[in-house]
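Asks: Quick one: the structure is below, and I'll ask about it shortly.
The values are calculated or read from the model by the stated rules, or taken from the named source; none is laboratory data. Owing to the predicted nature of the structure, the values given are computational and were not obtained by experimental measurement. Here the Cβ positions follow ideal geometry from the backbone for every residue, glycine too, while neighbour counts run over all protein chains shown. For the accessible areas, the whole protein counts, side chains as well, though only heavy atoms, and no ligand, DNA or RNA atoms are used. Shrake-Rupley method; radii C 1.70, N 1.55, O 1.52, S 1.80 Å.
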Amino acid sequence: DVVISTSGAYNGSGTTSAASGGVVKISAARTASSAPWTIQKSAGTAANDLIVIGIEAWLSTSNPLSVCNMGAAGSKVWDWANPNESWNARNAIKTIAPDLTIICLTINDWAANTAEATYKAALATLVEAAAYSGDVVLMVGVPSNDGTAPLARQKIFDGYVCDIALQYDCPVIAMPDRWVSQSCRPDRGYYFDGLHPSAVGYMDIGHAVARHIIEAR
């Protein structure tokens, strides 16, 4: 259990569990004050690590927009859909309850050549979890170099994403349609190395996402 207090006065609490994906979201209200908030485990709670993954502060008179970016180096779609981890994304998404979730999990899977059935089942699981609270957009990552995965295989995974999008009536942002292939973009400075986008490349990705959201409104 996690408790928030101000100068010893209770503000709010929450409990983490497998059903919450190991994440708890606590909302607490307060008037203007210089006294700090205290975030701590309540008495009797097991001696596990407490990690604060985010704090949002806003005025009750405002309508804030928050963006949460979640990623893990080298992770594949099943790493996010696996319910057997102490922290698991499929349940954490429901706890965080975003209004819009953009799922982009392709590059590490086409590099590993994840089996079609495994990939589609895991992606479908994440879509269902994200749709619990809001809209879902699927995204195909930027093309990789041939050393990471042959272009033909990348196109196959692009098709897997489109199949799940069709099944769940989700829009798709397909960066390979925009960038064509890795060999087409180094001259424009879109890649930092042979695989990862540069700052210019990320700006173009952001533009593609923003344009899609604006046009979909």
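Asks: Pull out all pairs, ordered by first then second residue, where Cβ-Cβ is under 8 Å, the residues are six or more apart or on different chains, the first lies in the stretch 162-179 and is within 16 Å of Ala216 (Cβ to Cβ) and among the small types (Gly, Ala, Ser), and the second is assigned to a helix (DSSP H, G or I) and open to solvent by less than 50 Å² (accessible area, probe 1.4 Å).
Replies: Ala174/Asp158; Ala174/Val161
Asks: In the stretch 108-141, how many residues are β-branched (Val, Ile, Thr) and farther than 12 Å from Val161 by Cα?
Replies: Of the residues in the stretch 108-141, the ones β-branched (Val, Ile, Thr) are 114, 118, 125, 127, 136-137, 140.
This time we only want the ones that are farther than 12 Å from Val161 by Cα, so: 114, 118, 125, 136.
Number satisfying all stated conditions: 4.
To keep it simple, each residue is scored yes or no on (1) among the polar types (S, T, N, Q); (2) in contact with an Asp or Glu (Cβ under 9 Å, 6 or more places away or on another chain).
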{"site": "Pro64", "(1), (2)": "no, yes"}
{"site": "Asn69", "(1), (2)": "yes, no"}
{"site": "Trp78", "(1), (2)": "no, yes"}
{"site": "Leu100", "(1), (2)": "no, yes"}
{"site": "Ala111", "(1), (2)": "no, no"}
{"site": "Thr114", "(1), (2)": "yes, no"}
{"site": "Ala121", "(1), (2)": "no, no"}
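Asks: With a cut-off of at least 1 residues that are open to solvent by 40 Å² or more (accessible area, probe 1.4 Å) and farther than 17 Å from Thr106 by Cβ, name the helices (runs of 4 or more DSSP H) lying wholly within the stretch 134-217.
Replies: On the way: elements: 151-168, 175-179, 199-216.
In the stretch 134-217, 199-216 are the helices (runs of 4 or more DSSP H) which contain 1 or more residues that are open to solvent by 40 Å² or more (accessible area, probe 1.4 Å) and farther than 17 Å from Thr106 by Cβ.
Asks: So, in the stretch 100-133, of the ones that are touching a strand residue (DSSP E or B) at 6+ places or on another chain (Cβ under 7 Å) and open to solvent by 10 Å² or more (accessible area, probe 1.4 Å), which residue ends up nearest to Pro176 (Cα to Cα)?
Replies: Cys104
Asks: Can you give me the number of residues within the stretch 66-95 that are in contact (Cβ under 8 Å) with a residue 24 or more places away in the chain, within 20 Å of Ser27 (Cβ to Cβ), within 11 Å of the chain's Cα centre (by Cα) and open to solvent by 30 Å² or more (accessible area, probe 1.4 Å)?
Replies: Counting residues in the stretch 66-95 that are in contact (Cβ under 8 Å) with a residue 24 or more places away in the chain, within 20 Å of Ser27 (Cβ to Cβ), within 11 Å of the chain's Cα centre (by Cα) and open to solvent by 30 Å² or more (accessible area, probe 1.4 Å) gives 1.
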